[in-house]
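Below is one structure, written out as structure tokens; the observations come after it.
Just so it is clear, none of the values below were taken in a lab; they were calculated from the coordinates. Predicted model only: the values in this text are computed from it and were never measured. So basically every Cβ, Gly included, is an ideal-geometry build from the backbone, and we count neighbours across all protein chains shown.
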Amino acid sequence: MILVDPPAWPAHDTLWSHLVSDHSLAELHDFAAGLGIGRRAFDLDHYDIPADRHADAVAAGAVAIGGGDLTRRLIASGLRVPGRDRAVLKGLRRRWLALRPGDHATVDDLLVRWREPHRTYHGPTHLAEALAALDVLTGAEAGPSTSTGRAGTAPGTLDDADRRTAELALWFHDAVHDGRTPQDEDASAALALAALGDPRVAELIRMTARHDPDPADRVAALVSDADLAILGADPARYDEYTRQVRAEYATVPDDRFRNGRRAVLEQLLDLPALYATDEGRRRWSARAESNLRRELGVLGP
């Protein structure tokens, strides 16, 4: 059901109403489109509509209710975005629209996926952290490089097209996340290909199942390192990450989880180099090794 509260929220010299669905965002988007209200008016879980459109919304079938009742109905539906998450999600949405101006539908779909309730680590904060890590890597490596291979990134300055490709790959790399590798990465790659039509982005997403970028592939190295930057986080954030990962596998018995997690950590430590870029190694390698070995000690033999 579509609901609308009274115009009571002042901004831009008018009063505004909230238009929501207590059923699905797809229903909400369809209703708003029928009113001629564009996606720019969508704010994560509701549309802001001006006072002079309130009557139009009601005439089209929206149920007029008080603001408190609307909020309660939205919370009960499971569609409300909690206040603690709004800043991260708004920042992500702004970033996407700077990358792909006007592409509201894709980012709205992606943010719904990244907010799925079973995600504890692989949610919006992970996406935001991975994108921030990409900023660190590309900012630090803006100048020419003269090294090659896994022991050094491929030569040349990263151009805007490559930077954009790396960012798009990160946006989609965990868009499908059911805790299955490489099925999740394959499904995420297929989703990206359908949305963007870019096989290069899909290739980079599939690479994140293995984190083994081609030594000559500068963009793949950046995507891999940005995704793994969490391993080199400060100890408090790393410990939070390990708790979040355990929560995502809450149904897995402790012994089975410990064995699987230990195998993952040992595989990471056995890599010739955990990070594929010079800057990634400089910033994160030592702390990542310390974090991984400390976690291994907690897991026990």
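Shape verdict for the stretch 124-299, please, from the Cα gyration tensor: rounded (a/c under 1.5), prolate (a/b greater than b/c) or oblate. Oblate is the answer for the stretch 124-299, as a/c is 1.5 or above yet b/c matches or exceeds a/b.
Can you tell me how the stretch 2-77 classifies by the Cα gyration tensor, rounded, prolate or oblate, using a/c under 1.5 as the rounded cut? Cα axes put the stretch 2-77 in the rounded bin. The dipole here belongs to the chain: it is taken about the Cα centre, uses +1 on the Cβ of Lys and Arg and -1 on the Cβ of Asp and Glu, and is about 640 debye.
With 10 angstrom as the radius, rank 211, 126, 173, 46 by how many other C-beta atoms surround their C-beta, starting from the fewest.
211, 126, 46, 173
Each of 172, 42, 257 was scored by other Cβ atoms within 10 Å of its Cβ. Listed from fewest to most, they are 257, 42, 172. The relative contact order of the chain, computed from alpha carbon pairs under 8 Å that lie at least 6 residues apart in sequence, is 14 percent.
Between residue 9 and 16, the built amide H atoms are under 5 Å apart, and every one of these is 5 or more places off in sequence or on another chain.
Quick one: Debye curve from the C-alpha atoms of the stretch 1-151, no solvent, what's log10 I(q)/I(0) at q = 0.12 Å⁻¹? Log10 of I(q)/I(0), two decimals: -0.59. Relative contact order for the stretch 1-129: 24 percent, from Cα pairs under 8 Å spaced at least 6 residues apart, divided by residue count. Recomputing volume of the Cα convex hull per residue in Å³ from the coordinates shown identifies the correct label among (i) 145; (ii) 120; (iii) 352 as (i).
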